[in-house]
Amino acid sequence: MNTYKFFQLSESCRLIKDVFLCSAEMKALYSKLTEAEQKSLINHYIIDNPPYAFMSIPLLFDQVKQFIGKELEVSVDCIKLIGSAKQGFSIDPQQYGKSFSEKSDMDFTIIDVTLFEKLKRDFETWQLAYNSKKVFPRNNTEEFYWNENIKRLPDNIKRGFVDHHKIPLISSVCPTNNRINNVLYCVRANLPLFNINTKGLSLRVYKDYTSFYKQIKLNTDYCMSKIPK
């Protein structure tokens, strides 16, 4: 039984002690951690720890998840909040360390194969309707994004995820996506009642946890490699 990589913690790992990690600590320590320790950092600070955006009223986050779970028929356990709303700051290299604020987005994730397949079906139905000229974009800007998303989404789907905002809101063609949009609208409309404000809400749906973690690790590694030392 090999326990070395799990119980022989590096000095950098031992320095991390708080429930929340500040951007300076993450910048200084991430590359010094072992692969197993990096996984623990991601699991704790980026995926599982209490969300920064709900610090003032922690149980509200679970209420939000219960509402989303009920409306979209998914388990509460498969609903995650990631990004600056979760850890309190952005790890985007272009704005690394920028604190979560009312000008930030709140990025939700759902890991559920059934919802993933429904959203995938929405995309395929929309793609077919668009290519056969049964649905049309409303303007040149929408046409540009439709064409871009039709190119990008098949690759995203192969990697195990679909972004809600990359599929248009056409109820007759994309019923699941419309339902998701209505749920997110209700969440955003109610958050200000608790003095929680955000620029917008997004939702990405993954088919399984393996795809989810792989993408989170890729994004984190990329961002941490691009920020100035």
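Here are a few things to note about the model shown:
- Sole residue being farther than 14 Å from residue 224 by Cβ, of a type in the set (Gly, Ala, Ser), surrounded by 13 or more Cβ atoms within 10 Å (Cβ to Cβ) and in contact (Cβ under 8 Å) with a residue 40 or more places away in the chain, chosen from 69, 88: 88
- Which listed residue is without any contact (Cβ under 8 Å) to a residue 60 or more places away in the chain and in contact with a Gly (Cβ under 7 Å, 6 or more places away or on another chain), from 99, 171, 132: 99
- Across segment 159-177, a minimum of one residue is classified as under 20 Å from residue 70 (Cβ atoms) and either of a type outside the set (S, T, N, Q) or modelled with pLDDT under 95 (or both).
- Per-region count, segment 204-226, residues surrounded by 16 or more Cβ atoms within 10 Å (Cβ to Cβ), assigned to a helix (DSSP H, G or I) and aliphatic (A, V, I, L, M): 2
- Of all residues in segment 1-27, those that are under 14 Å from residue 89 (Cβ atoms) and out of contact with any strand residue (DSSP E or B) (no Cβ under 8 Å at 6 or more places or on another chain) total 7.
- For the criterion of being of a type in the set (Ser, Thr, Tyr) and within 20 Å of the chain's Cα centre (by Cα), residue 45 passes.
- Within segment 118-157, considering residues that are under 15 Å from residue 204 (Cβ atoms) and charged (D, E, K, R), the one surrounded by the most Cβ atoms within 10 Å (Cβ to Cβ): 122
- Of the numbered criteria (1) modelled with pLDDT under 95; (2) in contact with a helix residue (DSSP H, G or I) (Cβ under 8 Å, 6 or more places away or on another chain), the one residue 127 fails is (1).
- Of the residues contained in segment 65-76, none is found to be at pLDDT below 95 and more than 19 Å from residue 91 (Cα to Cα).
- Hits in segment 136-159 - residues which are basic (Lys, Arg) and within 19 Å of residue 120 (Cβ to Cβ): 151, 152, 158, 159
- Residue within segment 23-30 that is surrounded by fewer than 16 Cβ atoms within 10 Å (Cβ to Cβ) and either of a type outside the set (A, V, I, L, M, F, W, C) or under 18 Å from residue 218 (Cβ atoms) (or both) present: no
- The criterion of being in a helix (DSSP H, G or I) and either closer than 26 Å to residue 74 by Cα or out of contact with any strand residue (DSSP E or B) (no Cβ under 8 Å at 6 or more places or on another chain) (or both) does not hold for residue 109.
The values are calculated or read from the model by the stated rules, or taken from the named source; none is laboratory data. The shown structure was predicted, so the numbers you read here are calculated from the model rather than taken from an experiment. In this analysis, Cβ positions are derived from the backbone assuming ideal geometry, glycine residues included, and neighbour counts consider all displayed protein chains.
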